[in-house]
Structures are given as C-alpha cells and as structure tokens.
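Participant: Handing you a structure now.
The numbers here are math on the coordinates, done by the rules we state, and not lab data. In this text, all values refer to a predicted model and were calculated from it rather than measured experimentally. We place every Cβ from the backbone using ideal geometry, glycine too, and count neighbours over all the protein chains shown.
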Amino acid sequence: MSLKPRRAHSARSAWRPTRPVTQAVAYPPLLVTAGLNDPRVLFHESAKWVAKLRHLNATTQPLLLQCDMGADHAGKTDRYEQWREEAKKLNFVITCLLADA
C-alpha cells in the first residue's frame, strides 16, 4: 500500500458523522432517510446519528428515521416508488409546517 491510500484510509476511518452533534441545541424537525443497500453510507451510520440527535436534542420536534430495505444511495429505481417517497417527504414537511401554525 502506498502512502497516499494510507492517508485516505486514515482520513475515512477518523470521520464520524456524530461528531458535530452537540448538547442543548434546538434541532429542527428532521426526516432522515437511509437505504439498506447503500454502499456509500451504511444504514447504521444514519441510525447512530439519529440516536445521538434524539439523546441530545433540546426540543420536542419530530426526529424520524426511515430505513428503506430496497433502496440504495440514490433511492428507489422505480419511478412510481420515487414519487411515493417524495410524497412521504412532502407530507412530513407540510405536517411540520401546520404544527407550527
């Protein structure tokens, strides 16, 4: 292994998505989506991030995790399934906006 791949590997190993999450911060409502077959971001990374956010969140805003068993990094491949996913996201946004009104 040459020096450059070693540096890249150590940089990837040191990266943690939960590091910037801090305590007593009022996070907005979040709908976090993950795909079981995603080779870039493994589903357990999203689950760990959401768990940490739920633990440290200073508000009662909704914080949901949706793990799709048949999706990859780009989401569903079927056009109609993509529309259903988009409808779920828009439903979440509209529900959060109406709750604040």
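Participant: Compute the relative contact order of the stretch 25-100 as a whole-number percentage, counting only Cα pairs closer than 8 Å that sit 6 or more residues apart in sequence.
Facilitator: Here the relative contact order equals 38 percent.
Participant: Check which residues have an amide H placed less than 5 Å from LEU63's amide H, if you skip close sequence neighbours.
Facilitator: LEU30
Participant: Fully extended, how many nm does the chain gain between HIS55 and THR95 (0.36 nm per residue separation, minus their Cα-Cα distance)?
Facilitator: In short, 12.1 nm is gained.
Participant: Among TYR80, TYR27, which comes first, second and so on when ranked by fewest other beta-carbon atoms within 10 Å?
Facilitator: Least crowded to most crowded, the residues run TYR80, TYR27.
Participant: Here is a follow-up. Among the aspartates and glutamates, which have Cα under 17 Å from the Cα of LYS48 when same-chain residues fewer than 8 positions away are ignored?
Facilitator: ASP38, ASP68
Participant: Each residue of the stretch 82-87 in turn: what ³J(HN,Hα) in whole Hz from Karplus with 6.51, -1.76, 1.60 and θ = phi - 60°, glycine and Pro shown as x?
Facilitator: So the Karplus estimates, Gly and Pro as x, are 4, 5, 5, 4, 5, 5 Hz.
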